[in-house]
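The values are calculated or read from the model by the stated rules, or taken from the named source; none is laboratory data. This structure is a prediction, so every number in the text was calculated from the model and none was measured. Cβ placement follows ideal geometry from the backbone for every residue including glycine, while neighbour counts extend to all protein chains displayed. All accessible areas refer to the heavy atoms of the entire protein, side chains included, with ligands and DNA or RNA removed. Shrake-Rupley method; radii C 1.70, N 1.55, O 1.52, S 1.80 Å.
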Amino acid sequence: MILGTSETSRQIWRRSGIAACAQLNIARCTEQIDSCRKESSQCYIIFSVPLPFLVLISLIRVGQAQAVFKPVLSVEPNSPQIFRGETVTLTCRTSGGSGPYYWNKDDDNVHRSAENYYTINVDQSHKYRCYGSVDGRTTTWSNEVTLSVIERPKAVLTLQPDGPIFGGQEVTFTCEIRGHAETEWMYNWYKDGVQIFSYTKSRQYSFRPVESLSAKYTCSGRRRNDSQTSETSNTVTLTVSGSVEDAGFFGASGYNLSKTFFRVPCEIFYYLCTALPKPVVSINPDEQVYRGETVTLRCDIQDEEDSDWIYSWNKDGSGVSSEQEYRISSAETSHAGKYTCRGRERGGSHSSHTSDAVTLTVSEKPKPELTSSREGAVLKGNYVTLSCTLKLQSAGWKFYWIKPTQSTETETEAKTDYYTKTYSAVRVSDGGQYRCRAGRGNPVYYTHYSDALWVNVTESPKAVVTIKPDKHVFSGETVTLRCEMQGGGDTEWKYSWYKKDKTFYRTTQEFSFSSVRNDDSGEYTCRGRRSSDSQRSEISDAVTLTVSDAAEAVVSVSPLRWLTEGDSVTLSCEVKHSSTGWTFSWYTEVPSRDRQGSLRYSTALLSDSSRGSGGSYTLSPVTVKHTGIYMCRAERGEPVFHTRFSNLQPLWITGESPPVTLIINPSRTQHFTADSLSLSCEDQSDSTGWTVRGYTHSETVFDCPSVSGSTCNISFLSTSNTGVYWCQSESGGRSNPVNITVHNGDVILDSPVHPVTEGHPLTLHCLSRNSNISDSGVDFYKDGSVLQKKTTGEMTISTVSKSDEGFYHCKHPERGESPKSWVSVKDSGSGSSIDIVFVAVGLSLALLFIILLLILLWWHKSYKGKDRDIQQNSNQTPGQNQSQSGAEDSQSAYTPLQTGSVHIYATVENASKSDAAAEPSGAIYTKVMKKKEPHNNKNDDAGPSDVIYTELELKPQKKTKKNQVKASVEYETVYSQLKQNT
């Protein structure tokens, strides 16, 4: 807004509607100022300001906007000490700032306002600070202002002269603020409660009353430097009666007109007469003094030159001095009394009136009383105010404070202008005995020392912040912060909370975030304030609350995810970056049919998963049915807060006799991209409800998208098809899992899909994408080490053992290398149920064949023996037969069964352990041998002596004893031997 005309010569700039009008119509100027005030509190009125000056003002405003926004806190009235009950206005000034404004008292938030000022009535000493905002950003704290509160002084009103007052007689009211110098104050005068004079410099009010001026009078003081007011004085009633006999007037020419204007007050004819001057007595330092103190009384005649007068002093009616100043160097009680003075014109015959009497009181040397603002011990870090009080209030004192130390030579006095001293943020070492004394004048007159006051400073209880459920929480959780007092006892406390050194608007011991957010992260501290005396505790250590976006559970497995039936496995669940207060639940995927009859898999809680803080789930022993995907979730707090589901953790269990087998075509674990692949569930006992499922490296589970019966067809392979595949039924049956790798390179390894039986051969091929590997040389590796070099693309291990298990891959010198594949070797003793059936059937057939063979041999031998007996009966005696038979027995170690002269040997033996070890386990064989039996008598030519042995070995059976049987057979002997391993 710009006001003025081109004729205006003055250049005036004012802010906030305060302007000075120059050479303009005053009414117009006032109107513009009022309008400006209504429109904006940041209004400018400029009268004919040159353009360069306007540019300078703009630059100043821009510079101010870029400054650091620290408010300035000011106090009105601005005084180091504020009277109790005084109204104080705090103003928080911020350049370019706006509301709201926040007000802090002794680190507690007490007020919030849209305006930048805060008006209070003070009753105790406190510290204040504030902050606001600029362009939506919070400013820093302002400077700290301490309001030190003292008792409000009370004015004392006296009237002179004493006794009856007559009309026309001069009276003087004196308004005294005891304990303060007259020059500190301006005075207000009241008649019957109505103010008649305001802000007079003199504490005396003199006039010549008439009867109509009879009334009740009071006064009050207003301190000049800060406009604080005293309490209103006592009431003094002025009663005027009668008339003045001698007004004591001087005419303009110097002659006495008192007789002429006997009944006419001078106030009416001020142009004709002048009243006699009246001196005023002042006493320094005060009317109340003490023995030994220096006192100076001074007589002043108002509106007159001091050199024009000669002075005289009277004490209780007796003259004591003729100087304008009467000095008493060391007051004694004898100096006490009423003092008046009077002046006489130097070289003239006129005298002044006699001054009003001033009473000088001389008391014994005083001893102040030292008191503390705290009852009991002061807590470390708090403040304490000591007061050094004189029983008789008087002005001009300064106060001296002493804290005794171990050595009196190091005692020092601290001096203050006021009778109070505040010690802020006391330490334990500040405890001790304090004394004080007062002094005034020049030379200084000191009072006695006060009695010692013991100030006890103790350690302050320290606040401790606790956070539940944990210092690290997640968005949406319920978080509770609590402030505990260590060593605080049962005392009641009020609490203050701070976040990043700024006051946080909570006053309770405990508070909660019902759904914590990321911006709630930060450092939190608290402190307590004792309800009984407002002393503060020590502030707590900062505790950092960290709020993360989402709680993530993570599953790990030990020892491995690939297992064999009968193994044990433990799944462990934990929450990332957090370990406190969690309980865990375990889940897996289960099949079900939807309304349309389609098979779907959903997440279900494992019925045997125990919820607990351990976060582990153990399967022992595992079976093929445990193949599948597992996950966990954690929870804590009240109300319950859940994490997200964890990552998927697969378990692959290989069994000896799964109910179904996953058939891969082509039957290898590695495949080229763009090739086709068929996976089918075959040989299952339950032919319905089988599904091919897969788990890829992207940690996703899927069902085969193209299914024909229980066959999954993938027409165009990609690397995303790399993963583990298995068959699964609705009833929970599962096949052994198969690991399939889809390679985008030029070389793959052709290795078996299922485990190789120990003792069988193993052949590996190195395949090229477009043709067979050339004979230029292919290297095969096992577990990263070269196994065979410069092959033709094929490697065979003739007899596989457990040591051959491992990761295999091949490498072509030009086309690169294949991925690695695991080759598993299973125990040779672990045959299938079909093998066992074949063995049992074979054993039965072999046993039947042996029995038939023995019967035929026995019949044949028996027939031939009869013919030989007929031929030899005449040449051989029974005794010879017996001896011959005995010889055979001794050589062959068989016990004969005798029936006549023919020997039949039947022997059953147990095979030794060494024999059993030499043969394959479960082997069954029949051995038939024909041997010539030697004869003891070389001359015996009775005919051929063929012996036929039949040997049968069965495992395992119990040992049997040898039996001997004799029978009457013919010439040839048949041996039948059974061996049985133990």
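For (1) closer than 19 Å to Tyr383 by Cα; (2) open to solvent by 70 Å² or more (accessible area, probe 1.4 Å); (3) out of contact with any Phe, Trp or Tyr (no Cβ under 7 Å at 6 or more places or on another chain); (4) modelled with pLDDT under 90, each residue gets a yes or a no:
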| residue | (1), (2), (3), (4) |
| --- | --- |
| Lys403 | yes, no, no, yes |
| Thr410 | no, yes, yes, yes |
| Thr420 | yes, no, yes, no |
| Thr447 | no, no, yes, no |
| Val464 | no, no, yes, no |
So, in the range 809-832, exactly how many residues are open to solvent by 70 Å² or more (accessible area, probe 1.4 Å), in a strand (DSSP E or B) and at pLDDT 90 or above?
3
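Yes/no matrix, rows are residues, columns are (1) touching a residue at least 60 places away in the same chain (Cβ under 8 Å); (2) in contact with a Lys or Arg (Cβ under 6 Å, 6 or more places away or on another chain); (3) within 28 Å of Lys367 (Cα to Cα); (4) among the charged types (D, E, K, R):
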position	(1), (2), (3), (4)
Gly292	yes, no, yes, no
Thr296	no, yes, yes, no
Glu304	no, no, no, yes
Ser307	no, no, no, no
Ser321	no, no, no, no
Glu325	no, yes, no, yes
Ile328	no, no, yes, no
Cys341	yes, no, no, no
Ser355	yes, no, no, no
Given the conditions (1) over 30 Å from Ala438 (Cα atoms); (2) touching a His at 6+ places or on another chain (Cβ under 9 Å); (3) open to solvent by 60 Å² or more (accessible area, probe 1.4 Å), report the number of the one that Tyr118 does not fulfil.
(3)
Quick one: how many residues across the range 719-735 are in contact with a His (Cβ under 9 Å, 6 or more places away or on another chain), at pLDDT 90 or above and open to solvent by less than 40 Å² (accessible area, probe 1.4 Å)?
3
Only one of Asp519, Asp470, Asp451 is open to solvent by 70 Å² or more (accessible area, probe 1.4 Å), in contact (Cβ under 8 Å) with a residue 40 or more places away in the chain and either hydrophobic (A, V, I, L, M, F, W, C) or over 15 Å from Asp108 (Cβ atoms) (or both). Can you tell me which?
Asp451
Got at least one residue in the range 364-376 being of a type in the set (Gly, Ala, Ser), in contact with a Lys or Arg (Cβ under 6 Å, 6 or more places away or on another chain), open to solvent by 20 Å² or more (accessible area, probe 1.4 Å) and at negative phi?
no
Just to be sure, is Cys573 under 15 Å from the mean Cα position of the chain (by Cα) and touching a residue at least 60 places away in the same chain (Cβ under 8 Å)?
no
Considering only the range 533-563, how many residues are of a type outside the set (Asp, Glu), assigned to a loop (DSSP other than H, G, I, E, B) and over 28 Å from the mean Cα position of the chain (by Cα)?
4
Those residues of the range 564-588 that are open to solvent by 10 Å² or more (accessible area, probe 1.4 Å), over 21 Å from Ser475 (Cβ atoms) and in a strand (DSSP E or B) come to a total of 5
Take Thr94 and decide whether it is open to solvent by less than 30 Å² (accessible area, probe 1.4 Å), farther than 30 Å from Phe207 by Cα and not charged (D, E, K, R).
yes
Considering only the range 108-115, I want to know if a residue exists there that is more than 30 Å from Ser355 (Cβ to Cβ), among the hydrophobic types (A, V, I, L, M, F, W, C) and either crowded, with 16+ Cβ neighbours inside 10 Å or at pLDDT below 90 (or both).
yes
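To keep it simple, each residue is scored yes or no on (1) within 19 Å of Arg112 (Cα to Cα); (2) at pLDDT below 90; (3) of a type in the set (Lys, Arg); (4) open to solvent by 30 Å² or more (accessible area, probe 1.4 Å).
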residue	(1), (2), (3), (4)
Arg129	yes, no, yes, yes
Val134	yes, yes, no, no
Thr138	yes, yes, no, yes
Pro161	no, yes, no, yes
Ile165	no, yes, no, no
Gly168	no, yes, no, no
Quick check on the range 65-88: of everything there that is among the hydrophobic types (A, V, I, L, M, F, W, C) and at pLDDT 85 or above, which residue is surrounded by the fewest Cβ atoms within 10 Å (Cβ to Cβ)?
Val72
Residue that is most open to solvent (accessible area, probe 1.4 Å) [pool: residues in the range 192-218 that are of a type in the set (D, E, K, R) and under 22 Å from Val280 (Cβ atoms)]
Lys201
Pick out, from the range 65-122, the strands (runs of 3 or more DSSP E) lying fully within it that include 1 or more residues that are over 23 Å from Asn382 (Cα atoms) and small (Gly, Ala, Ser).
72-76, 98-105, 108-113
For the range 768-801, which residues satisfy the criterion of being among the aliphatic types (A, V, I, L, M) and either surrounded by fewer than 11 Cβ atoms within 10 Å (Cβ to Cβ) or free of Cβ contacts under 8 Å to residues at least 24 places away in the same chain (or both)?
Val786, Leu787
Just the residues that are among the hydroxyl-bearing types (Ser, Thr, Tyr), at pLDDT 90 or above and surrounded by fewer than 16 Cβ atoms within 10 Å (Cβ to Cβ), please, taken from the range 219-236.
Thr235
Does Asp835 qualify as being at pLDDT below 85, acidic (Asp, Glu) and under 30 Å from Pro737 (Cα atoms)?
yes
